Amino acid sequence: QVQLVESGGGLVQPGGSLRLSCAASGRIFSINTMGWYRQAPGKQRELVAAITRRGSTNYADSVKGRFTISRDNAKNTVYLQMNSLKPEDTADYYCVMRDSSGMDYWGKGTLVTVSS
């Protein structure tokens, strides 16, 4: 059984930084795309950033220049470095991994709160 576990969320002041991590365990074969979504209260879940196995990335316009996604294929782990955080970045952040068969695996989420 595959499990994704996120870590690194918490409370941070505006302008601060956080680094999220998400590690996969269990029998997961050849992960292609890894990504991060977020969902704020009362809003739909939205894509924040994604990275392919070869390292190609894409970002939501709202986080470009502030967030950086990276991955460690040997460790089946994806990271999200978040800088210059804003109150509107407050949300539950979920990681997702898609394997070569197209199966998506989701983490349970980690809460990021940006507030003074």
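The values are calculated or read from the model by the stated rules, or taken from the named source; none is laboratory data. Keep in mind that this is a model prediction, so the values were computed, not measured. Don't worry about glycine lacking a Cβ; one is built from the backbone with ideal geometry, like all the others, and counts go over all protein chains shown. Heads up: the accessible areas ignore ligands, DNA and RNA and are worked out on the full protein's heavy atoms, side chains in. Shrake-Rupley method; radii C 1.70, N 1.55, O 1.52, S 1.80 Å.
Looking at the range 59-68, can you tell me whether even one residue there is in a strand (DSSP E or B), under 15 Å from the mean Cα position of the chain (by Cα), more than 28 Å from residue 101 (Cα to Cα) and not charged (D, E, K, R)? Checked the range 59-68: at least one residue is in a strand (DSSP E or B), under 15 Å from the mean Cα position of the chain (by Cα), more than 28 Å from residue 101 (Cα to Cα) and not charged (D, E, K, R). Taken over the range 47-106, the criterion of being of a type in the set (Asp, Glu) and either within 14 Å of residue 6 (Cβ to Cβ) or in contact with a Gly (Cβ under 7 Å, 6 or more places away or on another chain) (or both) is satisfied by 92 alone. Restricted to the range 80-99, and to residues there that are part of a strand (DSSP E or B) and either under 13 Å from residue 17 (Cα atoms) or without any contact (Cβ under 8 Å) to a residue 12 or more places away in the chain (or both), the residue that is most open to solvent (accessible area, probe 1.4 Å) is 81.
Candidates in the range 3-23 are the residues that are under 16 Å from residue 74 (Cα atoms) and in contact with a Phe, Trp or Tyr (Cβ under 7 Å, 6 or more places away or on another chain); of these, the one that is surrounded by the most Cβ atoms within 10 Å (Cβ to Cβ) is 4. For residues that are modelled with pLDDT of 95 or more and among the polar types (S, T, N, Q), scanning just the range 8-42, find the one that is farthest from the chain's Cα centre (by Cα). Residue satisfying both the conditions and the ranking: 13.
Could we say that residue 40 is without any contact (Cβ under 8 Å) to a residue 60 or more places away in the chain, within 14 Å of residue 9 (Cβ to Cβ), open to solvent by less than 10 Å² (accessible area, probe 1.4 Å) and not acidic (Asp, Glu) here? Write out each step before concluding.
On the way: without any contact (Cβ under 8 Å) to a residue 60 or more places away in the chain: yes; within 14 Å of residue 9 (Cβ to Cβ): yes; open to solvent by less than 10 Å² (accessible area, probe 1.4 Å): no; not acidic (Asp, Glu): yes.
For residue 40, the condition - without any contact (Cβ under 8 Å) to a residue 60 or more places away in the chain, within 14 Å of residue 9 (Cβ to Cβ), open to solvent by less than 10 Å² (accessible area, probe 1.4 Å) and not acidic (Asp, Glu) - is not met.
Could you please let me know if residue 70 is farther than 11 Å from residue 21 by Cα and either open to solvent by 20 Å² or more (accessible area, probe 1.4 Å) or in contact (Cβ under 8 Å) with a residue 24 or more places away in the chain (or both)? The answer is no for residue 70.
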